[in-house]
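Here's the structure we're looking at; comments come further down.
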Amino acid sequence: MDLFIQIIIAVITVAFVILMFFLIQTIKALTATLDEVRSTVGELRTDVSQISGDVKEMIHHTNEMTLDVRTKLRSLDVVFATVHDIGQTLHSFTGAMKETAVSLVDNMKSKHKEVQDSGTVRPRSGHITSAITDGIISSVRIWKKLRQQ
């Protein structure tokens, strides 16, 4: 029995040595993997800090561009207000011109009627002159408004 126990102890020892050998190989592989992970994490930290600096700079430039665009849009508000005022002025001008044209046509109709009624032509240049004068005065007023804006 002694021999049997010695053989069992020898087998257990050999198995233990083999187990230890493979365990040491596994631990070496894990150590290499951990070293690789450490170096990767170190590189990632460096890359992340560089990227975060770039992102901060990009955000800063984006904020500057946004402020610049807002300023330019505000300056365009003045232009659009001016265009609106010019449109209103032109609308007033066309209204005045329309009224002048209507009064001129009415004067021409009344003149034509007088010619038909009397059979002779009487000069009524005073009405035409006043219509033209009204048109010129309206044009001057509109010009002054445009210059003020």
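Read-outs throughout are calculated quantities, based only on the coordinates presented, and are distinct from any laboratory measurement. In this text, all values refer to a predicted model and were calculated from it rather than measured experimentally. Neighbour counts run over all protein chains shown; Cβ positions are idealised from the backbone, glycine included.
Quick notes
- Working from label points 7 Å from Cα in the Cα-to-Cβ sense, the Thr31 to Val83 distance is 7.7 nm.
- Working note: Cα atoms of region 3-86, range along each principal axis, descending, whole Å: 119, 20, 9.
- Subtracting the Cα-Cα distance of Leu3 and Gln50 from 0.36 nm times their residue separation leaves 9.9 nm of extension gain.
- The chain: most fluctuating residue of Ile12, Ile132, Ile59 per GNM, C-alpha cutoff 10 Å: Ile12
- Using θ = phi - 60° in the Karplus curve 6.51 cos²θ - 1.76 cosθ + 1.60, the 3J(HN,Hα) couplings for region 86-102 round to 5, x, 5, 5, 5, 4, 4, 4, 5, x, 5, 5, 5, 4, 4, 5, 5 Hz; x is entered for Gly and Pro.
- The chain, helix-only ellipticity at 222 nm - DSSP H runs n ≥ 4, -39,500 (n - 2.57), divided by all residues, nearest 500: -36000 deg cm²/dmol
- Taken one residue at a time, the phi angles of region 62-73 give Karplus couplings (6.51, -1.76, 1.60, θ = phi - 60°) of 5, 5, 4, 5, 5, 5, 5, 5, 4, 4, 5, 5 Hz. Gly and Pro are set to x.
- For region 2-148, diffusion coefficient by Stokes-Einstein and Kirkwood Rh (Cα), 20 °C, 1.002 mPa s, µm²/s: 82 µm²/s
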